[in-house]
Amino acid sequence: MAAAPALPEASRIEPTHSGSLPEAEVERITSELIGALKTVYDPEIPVDIYELGLIYRVDLDDDRKLTIDMTLTAPGCPVAGEMPGWVENAARGVEGIQDVTVNMVFDPPWDATRMSEEAQVALNWW
């Protein structure tokens, strides 16, 4: 996928696409995907998962299959079993996506430096 729109570095996903989809289509999918991810919230923190920096990697292949690597704020998160499904459902709502796989990863461990400026302000960490 094309690079995400200019956002604070901490929250920027680095989407990849190594294929032949038109650049304009990749940019549209990227923009809509970010919007979809911003509808998913960590229930214990009033900030969306995108701004929290929980999305580590996004890849889109030529078959329009999306693979997302994400993490949690803590491995013992009470919604650990549910949140990947929330992310998958949000991503499936993006027009043109044919399939979605969400992988839960814990390396590197999440920490507050991954949050965007917007998230820090929302949590009064600024």
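The values are calculated or read from the model by the stated rules, or taken from the named source; none is laboratory data. Predicted model, so just to flag it, every value in this text is computed and none were measured. With ideal geometry, Cβ positions are generated from the backbone for all residues, glycine too; neighbour counts draw on all protein chains shown.
Below is a table of values for the structure above.
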| item | result |
| --- | --- |
| Boolean, VAL105 is among the β-branched types (Val, Ile, Thr) and touching a His at 6+ places or on another chain (Cβ under 9 Å) | no |
| Failed item, numbered, when ILE13 is tested on (1) modelled with pLDDT of 95 or more; (2) buried (at least 21 other Cβ atoms within 10 Å of the Cβ) | (1) |
| Which listed residue is touching a helix residue (DSSP H, G or I) at 6+ places or on another chain (Cβ under 9 Å), part of a loop (DSSP other than H, G, I, E, B) and aromatic (Phe, Trp, Tyr), from TRP86, TRP125 | TRP125 |
| Hits in the stretch 89-106 (condition: within 16 Å of the chain's Cα centre (by Cα) and over 14 Å from LEU54 (Cβ atoms)) | ASN89, ARG92, GLY93, VAL94, ILE97, ASP99, VAL100, THR101 |
| Exclusive hit being among the aliphatic types (A, V, I, L, M), under 13 Å from the mean Cα position of the chain (by Cα), assigned to a helix (DSSP H, G or I) and surrounded by 16 or more Cβ atoms within 10 Å (Cβ to Cβ), set LEU72, LEU33 | LEU33 |
| Check on LEU60, under 21 Å from GLU32 (Cα atoms) and not basic (Lys, Arg) | yes |
| Long-range neighbours under 6 Å by Cβ, at least six apart or interchain, first residue modelled with pLDDT under 95 within the stretch 24-38, second loosely packed, with under 15 Cβ neighbours inside 10 Å and not polar (S, T, N, Q) | ILE29/GLY96 |
| Given (1) in a helix (DSSP H, G or I); (2) surrounded by 13 or more Cβ atoms within 10 Å (Cβ to Cβ), number of the condition VAL102 does not satisfy | (1) |
